[in-house]
Amino acid sequence: MDAHRCVAGRQLVLGGVEIPADFGLEAHSDGDVLAHAILDALLGAANLGDKGTLFPSSDPQFKNIRSTILLERAVGLLRERGGRIVNVDSSLICERPPIASHVPAMQENLAAALGVKNSQISVKATTTEGLGFTGRSEGIAALAVVTIRFPEGDHAD
């Protein structure tokens, strides 16, 4: 899970796609909340830590970095341990902008970053019907679950 505040003057990037909007997301990186949720889900499933530990916002090398690059690096860590991604299921939670028309491009970008087929990536979007910070369009949140597989008899430790 990840969430970021909406702010003026930044490009909105979700799933590696630049989406036309009058706001972007506040963050040290590009603010791609969808990629961040997938990143933490992947790292957690593989017992590799979390994005804040591996890619700290205090490190200048990650300033404005594309979050899909962070996904590529995490996949490299997973592969070093013999693991592979089976499936990614993700959801964006926002009132605006409309997401549906951007989903195919998001799937393509995320699949490329993760080294999997587009068919292994699910991206959905929902609203909170005006409730909470996402409902007031103060921020965007994302949830993700990543299923990974290690060779039989091996595991993430």
Output the residues belonging to the stretch 1-54 that are more than 13 Å from S67 (Cβ to Cβ) and of a type in the set (V, I, T).
V7, I19, T53
Within the stretch 94-115, residues aliphatic (A, V, I, L, M) and open to solvent by less than 30 Å² (accessible area, probe 1.4 Å) come out as I99, V103, M106, L110, A111, A113, L114
Quick check on this structure: which one of P20, P56 is surrounded by fewer than 20 Cβ atoms within 10 Å (Cβ to Cβ) and at pLDDT below 95?
P56
Residue check, G76 among the small types (G, A, S), free of Cβ contacts under 8 Å to residues at least 60 places away in the same chain, more than 23 Å from F23 (Cα to Cα) and open to solvent by 10 Å² or more (accessible area, probe 1.4 Å):
yes
Does I38 meet the test of being within 28 Å of F150 (Cα to Cα), under 13 Å from the mean Cα position of the chain (by Cα), β-branched (V, I, T) and open to solvent by less than 20 Å² (accessible area, probe 1.4 Å)?
yes
Under 9 Å between Cβ atoms, which residue pairs at least 6 apart in sequence (or on different chains) link something in the stretch 135-149 that is of a type in the set (D, E) with a partner that is open to solvent by 10 Å² or more (accessible area, probe 1.4 Å)?
E138/R5; E138/C6; E138/G132
Is there a residue in the stretch 137-145 that is in contact with a helix residue (DSSP H, G or I) (Cβ under 7 Å, 6 or more places away or on another chain) and more than 30 Å from R81 (Cβ to Cβ)?
yes
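The values are calculated or read from the model by the stated rules, or taken from the named source; none is laboratory data. Please read all numbers here as calculations on a predicted model, not as lab measurements. We place every Cβ from the backbone using ideal geometry, glycine too, and count neighbours over all the protein chains shown. What goes into the accessible areas is simple: the full protein's heavy atoms, side chains included, and nothing from ligands, DNA or RNA. Shrake-Rupley method; radii C 1.70, N 1.55, O 1.52, S 1.80 Å.
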